[in-house]
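The values are calculated or read from the model by the stated rules, or taken from the named source; none is laboratory data. The structure displayed is predicted, hence computed values, not measured ones. For neighbour counting, all protein chains shown are included, and Cβ atoms are generated from backbone atoms with ideal geometry for every residue, glycine included.
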Amino acid sequence: MSSQNNRVAELLAEAWASWAERGAALSAEDWDRPTRLSEWTVRDLYAHVAPVPEQFAGLREAVVDGPAGMTGGAEILRTFNQPGGLAHTAAGQIADMAKEAAKATEPAALIARFGTEGPAALAGIADLSPDTVVEHQLLGKVTVGALGEVALMEATVHLLDLIAAVGGPAPAEGALHFTRGLLAEATDPVAFIEAAAGRSSEPVLPIIR
């Protein structure tokens, strides 16, 4: 694996460990606490972000010949969040799936996914190059590295949602810096730079839903 992909995997495992540690400290009342995401409780949020080991194991079976249509996380984010993209058309379905998963999964099991099962599954595919192409049911041909980048971004953004609901220290600095860079990369560079530099009032945010 490349040093970049190694770093993403390390940061992702670190983020999951933070989710596990925070979950272990939550009270029963905390799990039912609302979040700033419409109609989602803390438990719903955990169910949405929790890694599913079977999906990581399935990557090996999904390996196909290239080239990939998407080779970076920013490309995936642009595709998902474009007008008519899945971030818009499937938002309700994704929210319902999280709520159903939360009902079916006890907090202890969610914590275990972050603390032990997810990291073990991630380690199990450590030999796959970030350039390995897999067939994704929604994205088509995409690289393993691109999927890892999106997973880290999701874990970081939603960790901020968790902190807003129950408090606690900020996410790791490395994860924050990576996520900031990925989100900036996902938007038009000229529009982003000019807005950030105060040269334009053209709206560029939000970048993702």
* **Top-ranked residue of region 13-54 - restricted to ones that are of a type in the set (Gly, Ala, Ser) and outside any helix (DSSP H, G or I), ranked as nearest to Ala112 (Cα to Cα)** => Ala50
* Residue among His177, His158 that is exposed (fewer than 14 other Cβ atoms within 10 Å of the Cβ) and either in contact with a Lys or Arg (Cβ under 9 Å, 6 or more places away or on another chain) or in a helix (DSSP H, G or I) (or both) -> His177
* To do: Taking Ala175 as the residue in question, decide whether it is within 16 Å of Gly23 (Cα to Cα) and in contact (Cβ under 8 Å) with a residue 24 or more places away in the chain.
  => no
* **Which listed residue is surrounded by 20 or more Cβ atoms within 10 Å (Cβ to Cβ), modelled with pLDDT of 95 or more and polar (S, T, N, Q), from Thr41, Thr143, Thr35** => Thr143
* To do: Any chance you could count how many residues in region 116-132 are crowded, with 18+ Cβ neighbours inside 10 Å and more than 17 Å from Ala57 (Cβ to Cβ)?
  => 1
* Failed criterion for Lys141 (all others in (1) assigned to a strand (DSSP E or B); (2) closer than 30 Å to Glu29 by Cα; (3) not acidic (Asp, Glu) hold) -> (2)
* Asked: How about region 101-126: which of its residues are touching a residue at least 24 places away in the same chain (Cβ under 8 Å) and of a type in the set (Asp, Glu)?
  -> Glu117
* **Residues of region 170-205 satisfying the condition of being within 21 Å of Gly73 (Cβ to Cβ) and of a type in the set (D, E, K, R)** => Glu173, Arg180, Glu185, Asp188
* To do: Please verify whether region 186-196 includes one or more residues that are in contact with a Gly (Cβ under 7 Å, 6 or more places away or on another chain), surrounded by 15 or more Cβ atoms within 10 Å (Cβ to Cβ) and in contact (Cβ under 8 Å) with a residue 24 or more places away in the chain.
  => no
* Asked: So which residues in region 183-209 are farther than 18 Å from Val150 by Cα and assigned to a helix (DSSP H, G or I), if there are any at all?
  -> Pro189, Val190, Ala191, Phe192, Ile193, Glu194, Ala195, Ala196
* Asked: Could you list, in sequence order, the residues of region 19-37 that are farther than 14 Å from Leu110 by Cβ and either among the aromatic types (Phe, Trp, Tyr) or in contact (Cβ under 8 Å) with a residue 12 or more places away in the chain (or both)?
  -> Arg33, Pro34, Thr35, Arg36, Leu37
* Asked: So which residues in region 161-172 are touching a residue at least 60 places away in the same chain (Cβ under 8 Å) and outside any loop (DSSP other than H, G, I, E, B)?
  -> Asp161, Leu162, Ala164, Ala165, Val166
* Filter region 83-93 for residues that are in contact (Cβ under 8 Å) with a residue 40 or more places away in the chain and surrounded by 14 or more Cβ atoms within 10 Å (Cβ to Cβ) and give the result. => Leu86, Ala87
* Output for region 70-106, where each listed residue is at pLDDT 95 or above and assigned to a loop (DSSP other than H, G, I, E, B) -> Thr71, Gly72, Thr105, Glu106
